[in-house]
1. Report the FRET efficiency, 1/(1 + (r/R0)^6), for residue 52 and residue 291, where r is their Cβ-Cβ distance and R0 is 41 Å, rounded to 0.05.
2. Using a Cα-Cα cut-off of under 19 Å, which lysines could be cross-linked to residue 312, ignoring same-chain neighbours fewer than 8 residues away?
3. What percent antiparallel are the DSSP beta bridges of the chain, to the nearest 5?
4. For residue 87 and residue 405, compute 0.36 nm times the residue count separating them, minus their Cα-Cα distance, and round to one decimal in nm.
5. Can you give me the Cα centroid spacing of segment 28-89 and segment 204-236 in angstrom?
6. How many nm separate the modelled label positions at residue 274 and residue 159, each set 7 Å beyond the Cα in the direction of the Cβ?
7. Counting only helical runs of four or more DSSP H residues, what would the 222 nm mean residue ellipticity of the chain come to if each run contributes -39,500 (n - 2.57) and the total is spread over all its residues?
8. Could you give me the ³J(HN,Hα) list for segment 244-250, computed from phi with Karplus coefficients 6.51, -1.76, 1.60 and θ = phi - 60°, whole Hz, x at Gly and Pro?
Amino acid sequence: MKISIVGIGYIGLPTAVMFARNGHQVVGMDLNQKAVEALNQGRIIIEEPHLDEAVAEAVKSGNLRASGRVEPADVYIVCVPTPILPDRSADMRAVKAATESLIPLLKKGDMVILESTSPPGTTRDLMAPILTGSGLDPKTDLMVAYCPERVLPGRILIEMRENNRVVGGLTEAAATAVRDLYKCFVAGDIYLTDATTAEMTKLMENTYRDVNIALANELAKICEKMGINAWDVIGMANRHPRVHLHQPGPGVGGHCIAVDPWFIVEKQPDLAQIIALSRRTNDGMPSFVRDKVRVLLPESGGRVCVCGVTYKPDVDDMRESPAIELVHELRALPGVEVVVSDPHVDFEGSNQRTLVESAAGADLLLLAVNHKEFGAPDFARLAAVMKTPVILDTRNFWSSLMTDDKGFSYHLLGSGRSSV
Ligand code: SAJ
């Protein structure tokens, strides 16, 4: 089949590769000219393990290319961003524009699939009415469905193949047709439902994680007050066969978990109480960490070396990163200076110098992101170059390395027994 993918970012591009590998003719469309040029040369402009080789191979095979406009096809897959607006409602402009761009191209029997994470009701109430503009009936003339991705950045190519999927059709026939299409590369099970149920399912998966992380962050604050260690509590509670507490940290980032729960709140603000409170709890973590830093620094201020600014370890993605929010909040404190070290991104030259160079003269080393490069630093050298050897570890990444006398005053987020 000929497949047009609208949006070749973190999800659209790997999806395009999967279909191209399996014999379909795929054209990826993007408004970003750089993404289009790169793809046509078999290159990528994002960081994701093995995606570069997979793209190069698919382009070479002749099954994948890019274009600056949507091309006529049998299947249209919309993978555009749905960011959040300042009032915390979903910005659906890209989905709307992408759907409108299909109107002149649609013919009877075509499939229209939405993958973008969207508020419940989007496929039925936003897309379908736009699609009627083609003169075709979205229920009887087209196959319209919502088919969300569930892949974890860093493992996208593996999870795209292996994860189970949910397909929500505007009709049963649409859900079945879309399942049969995705079967060419999905090794997991594919479950069929209606579009709105599938949209809510996608949002609840990330909301479940957000609420669980909020619970861990609340536990961290409670344990600090009570002089115990939240990481020990979590480790032991998780030995229970039906308990899976998540991990505290300086906040929740990324374009999914920090955003998606608001799409439920938007629809049912009076009912979505735990969901909204969890979002606020996690959004409050950078300020909570800032207040800890203030206590650990000399009264007049000082220099903080922040280790890691991406939204999670071992990725180059800074979207909604709580570590960046933390940097801004620290800088708003009088007399506080911040230097960032991060080998994965260039944030004010963060990847141009070593950790030891970044930490020189600092009063506090703040571990914000547990990148593998920070796994076993040379603590002796760090202590020697820093002005005051103090550590605040927000990820429990270094506690096991602090057994010998490393010359540091070590503080752990979520632990009332802060100094080892
Ligand atoms: N985090 C914690 N504590 C934890 C786990 C994560 O503080 O115990 C933080 C991370 O540091 C990060 C944020 O949460 O800032 C999100 O990271 P993540 O690894 O949990 O998730 P994402 O955003 O990279 O990917 C999620 C995944 N969803 C779930 O696991 C339910 C992925 O499967 C989805 O496909 C993706 O969102 C998406 O695109 O929606």
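1. Details: r = 42 Å, r/R0 = 1.02.
Efficiency, rounded to the nearest 0.05: 0.45.
2. Result set, ordered by chain and number: 372.
3. 10
4. Values: separation 318, 0.36 × 318 = 114.48 nm, distance 4.92 nm.
Here the answer is 109.6 nm.
5. What the calculation gives is 38 Å, centre to centre.
6. Those two pseudo-labels are separated by 2.3 nm.
7. Details: 15 runs with 154 residues, N = 420.
When only DSSP H runs of four or more count, the value is -11000 deg cm²/dmol.
8. Result, rounded to whole Hz: 9, 5, 8, 10, x, x, x.
The values are calculated or read from the model by the stated rules, or taken from the named source; none is laboratory data. No experiment lies behind these values; they were computed from the predicted model shown. In this analysis, Cβ positions are derived from the backbone assuming ideal geometry, glycine residues included, and neighbour counts consider all displayed protein chains. Remember, those area values only see protein heavy atoms, side chains included, never the ligands or the DNA or RNA. Shrake-Rupley method; radii C 1.70, N 1.55, O 1.52, S 1.80 Å.
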